[in-house]
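Participant: Got a structure for you, written out below as structure tokens; questions coming shortly.
Bear in mind these aren't lab numbers, they're just calculated from the coordinates by the rules spelled out. The model shown is predicted, which means the values in this text are computed figures rather than measured ones. So basically every Cβ, Gly included, is an ideal-geometry build from the backbone, and we count neighbours across all protein chains shown.
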Amino acid sequence: MKARGLRIGLVGPLPPPSGGMANQTLQLARLLREDGATVEVIQVNAPYSPRWVERLKGIRAGFRLVPYLVRLWRSSSRVDLYHIMANSGWSWHLFAAPAVWIARMAGKPVIVNYRGGEAESFFDKAFTWVKPTMDQADAIIVPSDFLGSVFGNRGWQARIVPNIIDMGRFSAVARVASTTPAAPCILVARNLEPIYDNATALRAFEIVKRSFPSARLVIAGSGPQRHALETLASELGVERAVIFAGRVENEDMAKLYREADVAVNPSLADNMPISILEALACGVPVVSTNVGGIPKLVEHDKTAILVPPQCPEKMADAILAVLCDPAKASRLKKAGSASVRRYTWPKVRLRLLEVYQDVLAQRGQLVAKTK
């Protein structure tokens, strides 16, 4: 099955800033084009025009929304279907929902590609508003069985199309971390927002540092909690060993993974975090909270070590178990690296192209585009 000749309107964010959905949108556009499709990206986070509008909280959304809606409508004459990258909260209301209705008005098939670990709580709060729009989708795709269950419980049938990992960029080939580090490097690759609970990672690191005084923690991400986290690191007495790397572009992340001895994911809610897949692909042992879809993404004590959220003591114990047991670390690396191969593009593309083919067939628009 090929995508050659298919014209796709891909709606979603693009870097900067780098983030799971933005990186997936950029990567998907590239892969579909390489497969022969014509992809028009309708960017939901395009730069403000004029740039000074970005400083005007409260009204800046309108300066982004109006041009976005115009681009959406104009694209409808050039595409065969819309593929909408969607998330919870205001992102849904401002960008995904309007895209669904514009696609409907234009008579184009529309696929909602929903992602994000907060879907259930979002539906609890806003189901009355979300349902009419979601019901308009020709297909709903989600990256994990976890989200599939969330949608199934609400009466929607969602098809599983996983996130894609680029094994050409993220691999264990050039790993530089040692197997028995005296000065281990612990990496957290999540933005500095409450949902990702970097504070627990800092508290766990302070415990780890008692056994490994030369350990260092790298936090790769940006966000509103940076000052609070820097203050916490100082209060814990570990500020000299913590590196706040800020926003790191996706093409530079592989180097950070390869220098790490353990990757930690401390999030409070999650679905299928691409940061875990990237770490596993790079041969880094992963310690993660066991929230949301993560227990379906990795297997405890086989491909990663899972701990309860907001429990720095157990997180520290898991990190130390990896650092103090090279054989265990080696087993986790090998099993984790092997497990992510099911998320490569050759595996995922067949599922995605089947969805495209099905929605076009439902609308009687299937031509020899996907053959």
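Participant: Dipole of segment 185-341 (Lys/Arg Cβ +1, Asp/Glu Cβ -1, origin at the Cα centre): which of Leu297, Gly283, Val188 lies farthest to the positive side?
Facilitator: Final value for the positive-end residue is Gly283.
Participant: Taking Cα centroids, how far is segment 57-100 from segment 303-332 in Å?
Facilitator: What the calculation gives is 42 Å, centre to centre.
Participant: So, one more: Can you tell me the dipole magnitude for the chain around its Cα centre, using point charges on the Cβ only (Lys, Arg +1; Asp, Glu -1), in Debye to the nearest 20?
Facilitator: Charge dipole, the chain, about its Cα centre: 1140 debye, nearest 20.
Participant: Can you tell me the orientation of helix 60-75 relative to the chain, as the angle in degrees between its alpha-carbon axis and the longest Cα principal axis, to the nearest 10?
Facilitator: Roughly 50 degrees, rounded to the nearest 10.
Participant: What ranking of Val291, Val44 emerges when the number of other C-beta atoms within 10 Å of each C-beta is taken as an exposure proxy, fewest first?
Facilitator: With the fewest neighbours first, Val291, Val44 line up as Val291, Val44.
Participant: Moving on to the next point. Could you put Thr289, Thr231 in order, starting from the residue whose Cβ has the fewest other Cβ atoms within 10 Å?
Facilitator: Thr231, Thr289
Participant: Right, something else. Mean separation of Cα pairs under 8 Å and 6+ residues apart, divided by the residue count of the chain: what relative contact order is that in percent?
Facilitator: Relative contact order, the chain: 17 percent.
Participant: So what is the 222 nm mean residue ellipticity for the chain from helices alone, if each DSSP H run of at least 4 adds -39500 (n - 2.57) and you divide by all residues, rounding to the nearest 500 deg cm²/dmol?
Facilitator: The helix-only estimate for the chain comes to -13000 deg cm²/dmol at 222 nm.
Participant: Give me the net charge of Phe123's neighbourhood, meaning all other residues with Cβ under 12 Å from the Cβ of Phe123; Lys, Arg count +1, Asp, Glu -1.
Facilitator: That works out to 0.
Participant: Can you tell me the orientation of helix 250-259 relative to the chain, as the angle in degrees between its alpha-carbon axis and the longest Cα principal axis, to the nearest 10?
Facilitator: 20
Participant: For the Cα atoms of the chain, what angle does the longest principal axis make with the long axis of helix 226-236, in degrees from 0 to 90, nearest 10?
Facilitator: Result, in degrees: 20.
Participant: What is the local net charge at Gln24, summed over the other residues whose Cβ is closer than 13 Å to its Cβ (Lys, Arg +1; Asp, Glu -1)?
Facilitator: After counting each charged neighbour, the total is 0.
Participant: Rank these for me by crowding, Arg78, Arg7, Arg351, going from fewest to most other beta carbons within 10 Å.
Facilitator: Ascending Cβ contact count within 10 Å gives the list Arg78, Arg351, Arg7.
Participant: For segment 179-256, which GluC sites (Glu not before Pro) are in a loop by DSSP, counting at most 12 other Cβ atoms within 10 Å?
Facilitator: Here the GluC sites (Glu not before Pro) that fit, given the DSSP loop and packing criteria, are Glu249.
Participant: Have a look at the DSSP beta bridges in the chain and tell me what percent are antiparallel, nearest 5.
Facilitator: Bridges in the chain that DSSP calls antiparallel: roughly 0 percent.
Participant: Take the alpha-carbon centre of segment 109-132, take the same for segment 217-238, and report the distance between them in whole Å.
Facilitator: Distance between centres, Cα-based: 32 Å.
Participant: Straight-line reach only, C-alpha to C-alpha below 19 angstrom: list the aspartates and glutamates that Lys296 could link to, leaving out same-chain residues fewer than 8 apart.
Facilitator: Result set, ordered by chain and number: Glu118, Glu120, Asp145, Asp270, Glu278.
Participant: Let me ask another. Which value, in debye to the nearest 20, describes the size of the charge dipole of segment 42-91 about its Cα centre when Lys and Arg Cβ atoms bear +1, Asp and Glu Cβ atoms bear -1, and nothing else is charged?
Facilitator: 240
Participant: What's the ranking of 156-169, 86-99 by average number of surrounding C-beta atoms within 10 Å, highest first?
Facilitator: Ranking the peptides 156-169, 86-99 by packing returns 86-99, 156-169.
Participant: Taking the Cα centre as origin and putting +1 on Lys and Arg beta-carbons and -1 on Asp and Glu beta-carbons, what dipole magnitude results for segment 268-371, to the nearest 20 debye?
Facilitator: 660
Participant: Return the single residue from Asp80, Asp270, Asp252 with maximal mean-square fluctuation; model: Gaussian network over the chain, springs between Cα atoms under 10 Å.
Facilitator: Per the Cα network of the chain with a 10 Å cutoff, Asp252 tops the list.
Participant: Where in segment 257-354 are there GluC sites (Glu not before Pro) that are in a DSSP coil and have at most 16 other Cβ atoms within 10 angstrom of their Cβ?
Facilitator: Within segment 257-354, the qualifying GluC sites (Glu not before Pro) (loop, at most 16 other Cβ atoms within 10 Å) are Glu299.
Participant: For a 19 Å ceiling on Cα separation, which of these pairs sit above it: Lys302/Lys328; Lys255/Lys333; Lys2/Lys347; Lys209/Lys314; Lys57/Lys125; Lys255/Lys328?
Facilitator: With Cα atoms farther than 19 Å apart: Lys57/Lys125; Lys255/Lys328.
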